[in-house]
1. Taking a cut-off of 20 Å between Cα atoms, list the lysines near LYS27, but don't count ones fewer than 8 places away on the same chain.
2. Add -39500 (n - 2.57) for each DSSP H run of 4 or more in the chain, then divide by its residues: what number comes out at 222 nm, to the nearest 500 deg cm²/dmol?
3. Could you tell me the center-to-center distance, by alpha carbons, between region 200-235 and region 99-119 in angstrom?
4. Rank GLY317, GLY222, GLY273 by mean-square fluctuation in a GNM of the chain with C-alpha springs under 10 angstrom and give only the top-ranked residue.
5. If you plug each phi of region 218-235 into the Karplus form 6.51 cos²θ - 1.76 cosθ + 1.60 with θ = phi - 60°, what whole-Hz ³J(HN,Hα) values come out, in order, with x for Gly and Pro?
6. Taking springs between alpha-carbon atoms closer than 10 angstrom, which of ASN331, ASN256, ASN133 fluctuates most in the Gaussian network model of the chain?
7. Could you provide, to the nearest whole Å², the per residue accessible area of region 1-134 with probe 1.4 Å?
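The values are calculated or read from the model by the stated rules, or taken from the named source; none is laboratory data. Note that the coordinates shown come from a computational prediction; the quantities given were computed from them, not determined experimentally. For accessibility, only protein heavy atoms count, side chains too; no ligands or nucleic acids. Shrake-Rupley method; radii C 1.70, N 1.55, O 1.52, S 1.80 Å.
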Amino acid sequence: MSDNFSILSDISPVFRPYIQSIYQDLKLGLCKTKIDLERISGGTDSVETQLRLVLPYCSKKLKWEVIFDSSTPWFAPDFRFDDDNFLSNADEEFLNKEVPSLCQWNSSDPKALCGVISELINLYKIYQVRKLNEDDSSRAAFEYSALLGNALTTEEDVEVWVGAHIVEFLIKLKINTTKLPELFNESLDINPGIDTALLLVRYPNSTNAELILSPFLSKVLGNITLPLMHQSGVLMDYVPMVTNLLNNKIQDIINNDRVKRELLAQLIIKYEGAILEHDGTSAALLFQTNDFHWILQIDIEKPPVLTLRSVYHSSKGKPKFKVLSNCPHNNFEAYIEQQVEIFKNECKGVTASHSVLNIDN
């Protein structure tokens, strides 16, 4: 990031707004990640007028050079692509139609370069699909055509990259995350691409499919083991299978959260007189069992945590406590009563008894 800011500061103030807008605002590709900047080696003038954009596409990083002319700063920049065949035969009529932001360059608009890059990326995507279809009898071409015949997937959901001996598909999976933000308090600003789940498949070795989750989903879902994709399997079947796997996992999380919240609400209502404090995801309740006063701290965030605290006993200047794991949702109170008896005896340093306890306010 410091390199990006350093490059920005070296660009001539005349051209800096275009690059700053690209870096701060433009997020390309299915992964919706930011663009990086690189210097182009050369003289002092090149530092102020030229740079390389590093653009996300499939699993690749496209490197396109942007070259401004300091003698005519109102002109659109020139471009040098890392694929010599891309737009090699483009004429003026084609560019006017497909890249209007370049041909009708508005030098007073800081977002002018953003528009040009977006249009060029769309053309690059079309260019890659055409390369794929040059051999329409290939396995990869068949898979792409069949996948688009599936109602779950459109052209906008797939990025294609064709190399000398490999073809990549980056596929956006249609998952339902609309209720997940209610469960987690993190700001959306620090969790970009909240609903992004991508599947990366390479041909001819399609059995090594990769799941790419946004930071938010990765934290929520944890480790996901993909079902095996057999060599004879097809994407039009495999993509719905993985999509269903993720949607079922998300629904399980939502259902578990609902059960935990309902349990917390029931305890708050039932033991209203014991409540020390509570909110939507936690509560602290003070109880007495025979001569033992204790606090039950309930936190239903991810993962849920139950903590017993003694009112009287301390260790190293802090109240003694015990964290309970694997607490059952059913028979919850009986489990707590059993654990309180064990905790009380641990605090007092005596052998546990087997008496039946009742939670009293």
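1. Here the lysines satisfying the reach criterion relative to LYS27 are LYS60, LYS61, LYS63, LYS111, LYS125, LYS172, LYS174.
2. Estimated from H runs of four or more residues: -11000 deg cm²/dmol.
3. 36 Å
4. Among GLY317, GLY222, GLY273, the largest GNM mean-square fluctuation belongs to GLY317.
5. Values per residue, Gly and Pro as x: 4, 5, 6, 8, x, 6, 10, 9, 6, x, 5, 9, 6, 4, 8, x, 10, 5 Hz.
6. Looking only at ASN331, ASN256, ASN133, the largest GNM fluctuation is found for ASN331.
7. 53 Å²
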